[in-house]
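Structure first, commentary second.
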Amino acid sequence: MTDRIVAAEVLITRPGRNYVAIKVTTADGLVGWGDATLNGRELAVASYLRDHVCPLLLGRDPARIEDTWQYLYRGCYWRRGAVTMAGIGAVDLALWDIKGKAAGMPVYQLLGGAVRDRILCYTHATGIDTPALLDAVDEVRARGFRAIRAQTGVPGLDKVYGVSSGGAAYEPAGPGLAPVEEIWDTDAYLRHIPGALAAVRAHVGPEPALLHDAHHRLTPNQAARLGKALEPVDLFWLEDVTPAENQDMLRLVRRHTTVPLAIGEVFTTIWEFQQLITEQLIDFVRAAVSHAGGITHLRRIAALAEVWQVRLGPHGPSDVSPIALAGSLHLGLATPNFAIQEYMGYHDAAHEVFWHSWRYADGHLHPGDAPGLGIEVDEALAARFEYAPAYLPVARCRDGTLTDW
Ligand code: KDG
Ligand code: MG
């Protein structure tokens, strides 16, 4: 039994990139942290929490996590949407953190205990051309990764999203008051990518898991063609082949290829996954624990997915903060159909602001055994990193038409 919530505050910081977090404090001094970062829409979630949710938390019993979730979701007329669900997710993570601290246990113990010893994770390898990609693959394998997302530049395109131009990892959002615009050419991409990924497979041999992200840029027919072309590469998954809204048309993709499909990093509720799971249109759920309503809600999505032999591979770019990664790892350690965690890595300053008990070793992550989520935030340091607007790029076709994410 813990005392009532006496404070709920929003923290905005930029240790290498923008992050938003909620801090919930109880009368007996327990503090819970939740990630509220929504890339490029950070201040919208901050306002949602600060202006509309934090006042509702004061005086509530922090132990009643499910009731608080229902109150914020079903009690609010305006349901769903990324801003709402990221806000609810942040509160949910903070309350699980408090519950764990009150019990003196890591959250994964409260979820039923570990079903595995460690969590397989994948990271990104990118290169402007195939030789640079192979070098990047060698580099991440030398760091122990056994699962690698491979992205490459496309001949004729100056820039391709998700491919760093130098050696360092790319940052998904670029600074400035408006997104940069990039030129995209799907035909050039489709001509290039099967050969590039085949070269990666030939380079690493049969064992390492290879993944690739199409970032929602294909029509269903193009996706089916790409899936077929990539079958010899033996991908762990092909991600986000079609635009997020176009769920029915995944039936067409499924009819033509057995390439495993991962979808849903922009989906935030079980209802957006209902058809995808119950029609077996996907193999992996990509939702992030922070964006999809927290541990309470992602656990439900996992339970539905388990019935249909669909597994979880949650979103984990640098814009899903170390707090959310902690939540994902606690859930992952305790969830049988959790397959893999994306782990892009963080700027050094982010590791300093968000101390975490989770650790990476040998291609795997573990949430650690500190009570709660295993997160401490250095608020004084966080205050030194001021928010600055930054946005994901937008893409236009060669004729100037805006195209899909
Ligand atoms: O904010 C979203 C971006 O981080 C996006 O690049 C992430 O596609 C993504 C991935 O798979 O990590
Ligand atoms: Mg993705």
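Observations
- Largest first and in whole Å, the equivalent-ellipsoid semi-axes of region 144-287 read 23, 20, 16, each the square root of five times a Cα gyration tensor eigenvalue.
- Cleavage-rule hits (GluC sites (Glu not before Pro)) in region 316-405: DSSP loop, at most 15 neighbouring Cβ within 10 angstrom: 386
- Magnitude of the charge dipole, region 110-369, Cβ model with Lys/Arg +1 and Asp/Glu -1, debye to 20: 720
- Annotation note: trypsin sites (Lys or Arg not before Pro) in region 343-405 located in DSSP loop regions with a Cβ neighbour count of at most 16 within 10 Å are 384, 398.
- Mean-position separation - Cα centroids, region 80-96 and region 173-197, in angstrom: 31
- For region 5-106, the gyration tensor built on C-alpha atoms gives an oblate shape. Its axis ratio a/c (a ≥ b ≥ c) is at least 1.5, and a/b is not larger than b/c.
- Its alpha carbons considered, region 352-395 gives a radius of gyration followed by a Dmax of 15.2, 44 Å.
- Most to least packed among 85-92, 58-65 [average Cβ atoms within 10 Å]: 85-92, 58-65
- The C-alpha atoms of the chain define a longest principal axis, and helix 82-103 lies at about 50 degrees to it.
- Calculated FRET efficiency for the pair residue 138/residue 191, C-beta based, R₀ 25 Å, to 0.05: 0.50
- Here the chain carries DSSP beta bridges of which approximately 50% are antiparallel, counting only pairs with both residues inside.
- Selection among 65, 109, 90 by position relative to the dipole of region 63-160 gives 65 as farthest towards the positive end (Cβ unit charges, Cα centre).
- Across region 1-86, C-alpha contacts under 8 Å between residues 6 or more apart give a mean separation that, scaled by the residue count, equals a relative contact order of 31 percent.
- Mean projected area of the convex hull spanned by the Cα atoms of the chain, taken over all viewing directions: 18.4 nm².
- Derived scalar couplings ³J(HN,Hα) [region 169-177; Karplus, 6.51 cos²θ - 1.76 cosθ + 1.60; whole Hz; x for Gly, Pro]: 5, 7, 9, x, 10, x, x, x, 7
- GluC sites (Glu not before Pro) within region 241-297: DSSP coil, no more than 11 neighbouring Cβ in 10 Å: 245
- Taken over the alpha carbons of region 52-93 as equal point scatterers, the Debye sum produces base-10 log I(q)/I(0) values at 0.14, 0.17, 0.25 Å⁻¹ of -0.27, -0.40, -0.89.
- Cross-link partners of residue 23 among lysines, defined as those whose alpha carbon lies under 30 angstrom from its own and excluding same-chain residues fewer than eight positions apart: 99, 101.
- Relative to one another, the C-alpha centroids of region 249-302 and region 32-68 are positioned 25 Å apart.
Bear in mind these aren't lab numbers, they're just calculated from the coordinates by the rules spelled out. What you see is a predicted model; the values in this text were computed from it and never measured. Don't worry about glycine lacking a Cβ; one is built from the backbone with ideal geometry, like all the others, and counts go over all protein chains shown.
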